[in-house]
Amino acid sequence: METRCPVCGAEIEVPKTISTTECPYCGTVFDVKTGEKSRLEHFYFPVYVKDPYDKLMRFLGRQYGVPTDLKLSSTYTKRLLHIVPIFFYHLHGRALVEAKSRKLGSFTAVVEEVDDIGIPAFSGKIAELLKEYPFPLRGKKFFEEKLKTMGIYYEPEIERVEADRTAETLLTEKLSKEASEVAENFRLTKFLEFKVEHKGLVYYPIWELEYQYKGNVFKGFIDGVTGTVIQGEHPLALRSRVIQFTWSLVFIATGILFGFLVLQQSGTGLPGIVAALFSFIAGVAAALPQLIRTGVRKVSASEILHPTPDKPKEILKKISKPLLSGEITLKYGEI
Ligand SMILES: [Zn+2]
């Protein structure tokens, strides 16, 4: 028989014999006859990954700078299973945007966002790692008491209403972000659709692993359902640390060299010194990420792409801010 998902509206073919089903598109569990969302709102994902250490080692083995004997010389020292609560949501928003651009002048546009997200209902390191994590949609089961003894079980720490608000904020942010891609100068004027559908509280399995390599301890976090390496620490081979250190020195040297060249060109007045200083800062900023990586023997890698800010730019901003807010004022055109 045919049925329709009450959350995303998808038409689904289901066998006549079943009473509830899970939407393949958004993961909502609902009654196939009445089309009502399941009143049981607690679910869990079973642990499918039984050998998380193997997943971790395979992934780390492919990372840049990993010692070739990593797998051979490592000892698997610890493994813990965390059962963590996540609020699942289906988001759908459409908004009217008033925009202005140099090319097109004033105009209106419509932006749309459809997304499925999970909001951790607990705090700590694992919760941080799971922010904006792409959870699987399908495969959950109704909550069972046995979960509480399967691993380290976390009770939800945040209320449903708080999670609802976080989800609403996220949808607004996502719509704004899309609007900002339409034009630099924009205003969200009206929501044509703003749906934040709670799909339930889902208990999710996360493996925490530890291994030792040449006397040092390294950690890894693996998705217990999909086997995705959420985060894995690994040592850097000495050779690649040396290469990175050399590169950072080259960056700094280039910065200093350009600084002197600029100084020679513009004389020894204040503008020249400021320009030289900036050139030097740019060199250091370019070298910093390399230096930081060289300084530590532990490096983290992840199989999921986190939306990270433009790091060198951030560092440059941090360094140049005190300069810009101080006594020195830059006048464009003078340099
Ligand atoms: Zn659906």
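Where a number appears in this text, it was derived from the coordinates with a stated rule and is not lab data. Predicted, not measured: the structure shown is a model, and the values here were computed from it. As a convention, Cβ positions derive from the backbone with ideal geometry for all residues, glycine included, and neighbour counts pool all protein chains shown.
More than 17 Å apart: what percent of Cα pairs in segment 91-171 qualify? All intermediate terms of the calculation are to be shown ahead of the outcome.
On the way: 2167 of 3240 pairs.
Within segment 91-171, distances greater than 17 Å cover 67 percent of Cα pairs.
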For segment 9-102, whose charge dipole is built from +1 on Lys and Arg Cβ atoms and -1 on Asp and Glu Cβ atoms, the candidate among SER73, PRO24, HIS92 with its Cα farthest towards the positive end is SER73
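Relative contact order of the chain, please, whole-number percent, based on alpha carbon pairs below 8 angstrom and at least 6 residues apart. The partial results should precede the final answer.
On the way: 595 pairs, mean separation 67.6, N = 335.
Relative contact order comes out at 20 percent.
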Percent relative contact order for segment 96-207, counting Cα pairs under 8 Å at least six residues apart, stands at 39 percent
With +1 at each Lys and Arg Cβ and -1 at each Asp and Glu Cβ, the charge dipole magnitude of the chain around its Cα centre, to the nearest 20 debye, comes out at 1100 debye
The Cα extents of segment 52-235 along the principal axes, largest first and rounded to whole Å, are 63, 44, 25
Check: C-alpha center segment 188-241 vs C-alpha center segment 68-119, spacing in Å is 13 Å
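Grab the beta carbon distance between LYS148 and ARG94, set R0 = 30 Å, and tell me the FRET efficiency rounded to 0.05.
With R0 = 30 Å, the Cβ-Cβ based efficiency is 0.15.
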In cubic angstrom per residue, the convex hull of the chain built on its Cα atoms measures 202 Å³
The answer for ALA121, listing residues at least 5 apart or on another chain whose modeled amide H is closer than 5 Å to its amide H, is ILE86, PHE87
Cα-Cα pairs in segment 13-123 separated by more than 25 Å, as a whole percent of all pairs, come to 59 percent
Percent relative contact order for segment 1-77, counting Cα pairs under 8 Å at least six residues apart, stands at 18 percent
Computed, not fitted: 222 nm per-residue ellipticity of the chain from DSSP H runs ≥ 4 (each -39500 (n - 2.57)), nearest 500, equal to -11000 deg cm²/dmol
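Quick one: if the Förster radius is 30 Å, what FRET efficiency do GLU173 and ARG138 give, using the C-beta to C-beta distance and rounding to 0.05? Could you put the intermediate results ahead of the total?
Numbers: r = 26 Å, r/R0 = 0.87.
Result of the calculation: an efficiency of 0.70.
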